[in-house]
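The structure under discussion appears below in the form of structure tokens.
The values are calculated or read from the model by the stated rules, or taken from the named source; none is laboratory data. In this text, all values refer to a predicted model and were calculated from it rather than measured experimentally. Neighbour counts are summed over all protein chains in view; Cβ atoms, including those assigned to glycine, are modelled from backbone coordinates with ideal geometry.
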Amino acid sequence: MIGQKSHLANIDVWKQWREDKILTAKQALIETYLPLVDYVSGRLSIGLPKNVSKEDLASCGIMGLIDAIEKFDYQRGLQFETYASWRIRGAMIDGLRQGDWVPRSVREKAKKIEEAYQKLEQQYLRSVTDAEISEYLQVSESEFHQMVQDIAVTTVCSIDDPIREEDSETRLSLLIDEKAENPESKVNEFYLKETLAKAIERLTEKERTVVSLFYFDELSLSEIAEVMNLSPSRISQLHSKAILRLRGALSRSKAQLMYE
């Protein structure tokens, strides 16, 4: 990814675009940060169905990049690459949704498993086993594993997703303060981080390893499979279960905030 030095080197170009609205400056920024689109699409395409076109992903990503450039405030001293990556990723996933790339039945499976993790882990205050989830869902463990495999692509979620389907508030709204320091925003951000930290602690050792290697070390699922000496499908399954547990924790924390 583009580093901090390139961001500092482009300050003059940012000024030309944001303050003087010089279109050639905007075009220069688009060209400079275009590699972000390839980077995000490369990671997002992991595990997606073969019928999903990388060219379509890239087209959506470019629109996300342009949106990020139009909205980014360079004077706040934030890292543009991080901000733009979320916008690009969100635009790509919005495009995938519009293409109806995941059957409704698969989304329903994902929702059932997420709700099962949410309820059981709240009840037991620990990471629940596959056997306990299978019993709750009234399916065999092999059927549960197949369900997880079926919904693997749905765990590539956008930070722009609503925390709960009936809400308009998104995970992004808890993380980004668009204007200034805001006490409520800071409390939400702290609570979100605390919730995620506790949820990650409750993951199984293998799930934590997959999350760490994928999101922090930025390895691909196939690279993680080599590191952990497991099949790519098994890594995909571990990633899916980890994300469903984390989603359940976020939904649970949101519900608690609403009723406190």
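Structure values in brief
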quantity	calculated
Close pairs from segment 11-30: first over 16 Å from GLN79 (Cα atoms), partner not in a helix (DSSP H, G or I), Cβ under 7 Å, at least 6 apart	GLN16/ILE22
Residue in segment 185-201 that is surrounded by 15 or more Cβ atoms within 10 Å (Cβ to Cβ), modelled with pLDDT of 85 or more and assigned by TED's automatic domain parsing to the domain that holds HIS145 present	yes
Qualifying residue in segment 63-77 (condition: of a type outside the set (Phe, Trp, Tyr), under 26 Å from ILE235 (Cα atoms), surrounded by fewer than 22 Cβ atoms within 10 Å (Cβ to Cβ) and outside the structural domain of ALA225 (by TED's automatic domain parsing))	no
Flag if ARG87 is under 22 Å from SER53 (Cβ atoms) and out of contact with any Phe, Trp or Tyr (no Cβ under 7 Å at 6 or more places or on another chain)	yes
All helices (runs of 4 or more DSSP H) inside segment 51-132 with 1 or more residues being of a type in the set (Gly, Ala, Ser), under 19 Å from LYS26 (Cα atoms) and touching a Lys or Arg at 6+ places or on another chain (Cβ under 7 Å)	54-71
Hits in segment 193-220 - residues which are free of Cβ contacts under 8 Å to residues at least 12 places away in the same chain and not small (Gly, Ala, Ser)	LYS193, GLU194, GLU201, GLU205, TYR215, PHE216, ASP217, LEU219
Scan of segment 210-224 for residues that are under 17 Å from the mean Cα position of the chain (by Cα) and outside any loop (DSSP other than H, G, I, E, B), ordered by number	VAL210, VAL211, SER212, LEU213, PHE214, TYR215, PHE216, LEU221
